[in-house]
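Presented below is the structure to which this report refers.
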Amino acid sequence: MEKPVEETALAKGTEAPVKGEASLKPEFITSKDKFHEFLDSEWHGLKGVENKTSEVPEEEPVRKKTKLDTEEIDKTAKPDGKRLRGQNKSRPHKKPTSYDEKRLCASVIQGNQECPYGDKCHFYHDVATYLASKPSDIGQRCHVYDTFGKCAYGLACRFAKAHTTADLKSAENADVVKSCEGRTPVRNSLSKELQNQLRKHSVVFKKSAEYLKTLSNNKDKKEQQDNGAADIPAVPTTEATHESTGAETQVSSEKTSTVRTIGPVTDMDVIKLRACEKKQVDFQDKLYLAPLTTCGNLPFRRVCKRLGADITCGEMAMCTNLLQGQQSEWALLKRHESEDLFGVQVEGCFPDTMTRCAELINNNTEVDFVDINSGCPIDLVYKKGGGCGLMTRTRKFEQIVRGMNYVLDVPLTVKIRTGVQEKNNIAHKLIPEMKNWGISMITLHGRSREQRYTKLADWEYITTCSKLASPIPLFGNGDILSYEDAMKAKETGVSGIMIARGALVKPWLFTEIKERRHWDISSGERLDILREFSNFGLEHWGSDTRGVEKTRTFLLEWLSFMCRYIPVGLLERVPVKINERPPYYMGRNYLESLMASQNVGDWIRISEMLLGPVPPNFNFLPKHKANSYK
C-alpha cells in the first residue's frame, strides 16, 4: 500500500527515507501544511518576477480535489456503485471559446469592410461598445506584432495597446512585415477546398484502390480454394516480385495480365516508386520527442526543438477523422518551420481507412515520415482493435503496413509496446515479421498495455528486440529522466532514444543529454521557458481572448507534469528516478517553491504571471493524473 506523500521523514521525526520518494537534503524538506501556508502567505508579496502583470484573485482558485474528496461523489456516478476510474472521466472542462461570448466582427478587424452577414451577424460592429466590454489588456507589448510586424487580431488582441493608433486603427511595422514576406511558419493546414472534397467523398484515392483491389482478389481466391474449386486463374497478389532483394511489394495494374509471370518487366514495375527510391531519413543516434497527446502540441515541440530535440512527431491522429475532414484532427498534422525532421502519427485498425489516410497525407502534407500507433493503451482505441490491439491482429497489421507503404513516398515507422498482458511479451515475435513488411524504423516502449506506467520499463527486453530488429533501427522508450539514464539506454545497442514524460517534466533534458551534464536550472530560467511557450502559443492559437485562454489551458496541462521536477541542487542523490515521488519541500526561493506545488491553484498563479488574470468562473482540472509512483 502506497504511503501518503505528507508522511515524509521530517513529518515522522525520523531520518529514514520513505519508500518511493526522492532523496532530498533534509534542510529543504517540509510538511504539506507548512508548504501551502508559505505559498499562500508570500503570494501577495511576490517580488522580483519579471513581467508580472496580474494580481492574485480575491477568491482563491478552485483547488484540485483529492481522492478522498471525490470518492463519495464518484461512487454515485455508476449504478453498480463502483468508482469511475481515470482522471479524464467527467472532469469539469470549460472550452476557451466560452470566455469570449461576444466578439468583434472580423470585417471590423480587417478594416471596416462590409460584413457579408449584415443584420444577421452576431458579433459587435461598434468599436466603442466592444471596447467597453472587452477585458483589460495583459501587457504593453504584443509578441505577434513584434514577430510578424502586424497583428491579425487588431483591437481584439489582448495586447492591442502595442499596435493601436489614436484613431483606433491597427498599426504595422513595414520593415518587419517585408522581412516576413514569402515565409510560411506553419505548414500542413487543411484547405477549405480539400475539406469540402473530403466531406463530399469526392477525393480520389487511386493508389489505395489498386492495393485494396488485390486484397479483395486474394480474399475471393482463398474462398474459392476453401470451397474446393479447380483451375482457378491466378490473380495479382501483394507478394513482392523481387522479395529476395528486399524490394517493395509490387501490385499489377488493372490493364496487365491476370497471370502471374516472372519474365518481362511490366510498365507498372518501371513506374512504381520502389523502396530503394523512397525518401531516406537518417534516424541513427537521434533524440526523438515522442508524440504526446494533448501536451505534444506545436508550441511545446518548438520549445523542445530549441532545447535539443532532433526528431519531432505530431500528436496521435485518428485516420477516420482525417478522412472526414475534421479541422481539429488536421490541426494535429501542422508543422512549424523549425521542425526539420518531422513526422505524423496515425491510428486506425482497418487496411482500407489506413491506406487511404496515408495517401491523403502523402499528397497533401509535408512530412518526413509517417508513424503507425500500435502502442496506445486506452480502452477507446484498444477495444476497437487499434493501438495495442494491432499487435494481436498480425494479419490486419501486415495489410495495413503493406498498404501504407505502397502509397507513401516517405518512410513508414511504427511504435509498439512489449505486448498486451504484463507477463506475456510478444514484441520479439512481431519484430522479425515487420522487417519483411517494409517498416523503416521501430520504436519500442518497454512496458505492456496492462502495466501502463506503474512499473519501470524493461530495457533488457528492449536490448533483445534491438538485436532482432537489426539492420532496421529500433528506438527505445521508457523512464529516461537524466543524461545518465540516456547513456545506459544507449549501451543496450538501440539506434536512438525516444523521450516522452521526461520531456514534459524537464524539456531541457535534451540539452543535458547532448552536453552530458546535470543542469541545475534556476526557477527564473524555467519561467523563461514557460514564457517562451506562452509566446509560441499566442502565435499559434491567437492573441485574442480565445487564443490566450487556449494557451493557458495547454500551459496548465504541461504544468501538471512540470511540477514533478526536483531541482538538482536540492537532491541528496543524483539523478532522481522517474518513479520517485517528490516530497513536500521548500525551494531556494519563492518561485522555485511555487513551481514545486502540485496544487491546481498554484499552477493558475504561474499562468497569471504570463497570461494575465484568469476569467471569472475559471475552472481547470488536468487531463492526466500521475500514477507512475505505485
- Task: Would you check if LEU444 is open to solvent by less than 10 Å² (accessible area, probe 1.4 Å), touching a Cys at 6+ places or on another chain (Cβ under 6 Å) and within 30 Å of LYS490 (Cβ to Cβ)?
- Result: yes
- Query: In segment 148-163, which residues are surrounded by 16 or more Cβ atoms within 10 Å (Cβ to Cβ), in contact (Cβ under 8 Å) with a residue 24 or more places away in the chain and in a helix (DSSP H, G or I)?
  - Reply: PHE148, GLY154, LEU155, ALA156
- Item | Top-ranked residue of segment 125-140 - restricted to ones that are of a type in the set (D, E, K, R) and open to solvent by less than 50 Å² (accessible area, probe 1.4 Å), ranked as farthest from THR165 (Cα to Cα) | LYS134
- Message: Any residue that is in contact (Cβ under 8 Å) with a residue 40 or more places away in the chain, open to solvent by 20 Å² or more (accessible area, probe 1.4 Å) and in contact with a Gly (Cβ under 8 Å, 6 or more places away or on another chain) - is there at least one of those in segment 550-557?
- Response: yes
- Message: When you check CYS180 against the structure, is it touching a helix residue (DSSP H, G or I) at 6+ places or on another chain (Cβ under 6 Å), open to solvent by less than 50 Å² (accessible area, probe 1.4 Å) and either touching a residue at least 40 places away in the same chain (Cβ under 8 Å) or of a type outside the set (Phe, Trp, Tyr) (or both), yes or no?
- Response: yes
- Query: If we only count strands (runs of 3 or more DSSP E) wholly inside segment 340-441, which ones have 1 or more residues that are of a type in the set (Gly, Ala, Ser)?
  - Reply: 342-347, 369-374
- Query: Cβ-Cβ below 6 Å, separation at least six or inter-chain, first residue in segment 418-439 and open to solvent by 70 Å² or more (accessible area, probe 1.4 Å), second of a type in the set (Asp, Glu) and assigned to a loop (DSSP other than H, G, I, E, B): which pairs?
  - Reply: GLN421/GLU450
- Message: Among the residues of segment 428-450, what is the count of those that are in contact with a helix residue (DSSP H, G or I) (Cβ under 7 Å, 6 or more places away or on another chain) and over 25 Å from LEU408 (Cα atoms)?
- Response: 3
- Message: Can you say whether ALA166 is hydrophobic (A, V, I, L, M, F, W, C), open to solvent by 30 Å² or more (accessible area, probe 1.4 Å) and assigned to a loop (DSSP other than H, G, I, E, B), as far as the supplied structure shows?
- Response: yes
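Does MET609 fit the bill of being within 14 Å of VAL548 (Cα to Cα), touching a residue at least 12 places away in the same chain (Cβ under 8 Å) and not charged (D, E, K, R)?
So MET609 fits the description; yes.
Is it the case that some residue within segment 295-313 is closer than 23 Å to VAL204 by Cα and open to solvent by less than 10 Å² (accessible area, probe 1.4 Å)? So that I can check it myself, show each step before the final result.
Of all residues in segment 295-313, those closer than 23 Å to VAL204 by Cα come to none.
Scanning segment 295-313, I find no residue that is closer than 23 Å to VAL204 by Cα and open to solvent by less than 10 Å² (accessible area, probe 1.4 Å), so the answer is no.
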- Task: Mind listing whichever residues of segment 311-339 are out of contact with any Gly (no Cβ under 8 Å at 6 or more places or on another chain) and part of a loop (DSSP other than H, G, I, E, B)?
- Result: MET316, GLN324, GLY325, GLN326, GLU337, SER338, GLU339
- Note on the structure: Of those in segment 317-335 that are open to solvent by 10 Å² or more (accessible area, probe 1.4 Å) and in contact with a Lys or Arg (Cβ under 8 Å, 6 or more places away or on another chain), the residue nearest to LEU307 (Cα to Cα) is ARG335
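Residue-by-condition table, conditions (1) open to solvent by 10 Å² or more (accessible area, probe 1.4 Å); (2) at pLDDT 85 or above; (3) in contact with a helix residue (DSSP H, G or I) (Cβ under 7 Å, 6 or more places away or on another chain):
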| position | (1), (2), (3) |
| --- | --- |
| GLY348 | no, yes, yes |
| ASP352 | yes, yes, yes |
| ARG356 | yes, yes, yes |
| LEU360 | no, yes, yes |
| ASN363 | yes, yes, no |
| ASP379 | yes, no, no |
| GLY386 | no, yes, no |
| GLY389 | no, yes, yes |
- Message: Out of the residues in segment 108-124 meeting the condition of being touching a helix residue (DSSP H, G or I) at 6+ places or on another chain (Cβ under 6 Å) and farther than 16 Å from ALA152 by Cβ, tell me which one is least open to solvent (accessible area, probe 1.4 Å).
- Response: CYS115
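The values are calculated or read from the model by the stated rules, or taken from the named source; none is laboratory data. These figures come from a predicted structure and were not determined experimentally. Glycine also receives a Cβ, built like all others from the backbone with ideal geometry; neighbour counts cover every protein chain displayed. These accessible areas exclude ligands, DNA and RNA; they are computed on the full protein's heavy atoms, side chains included. Shrake-Rupley method; radii C 1.70, N 1.55, O 1.52, S 1.80 Å.
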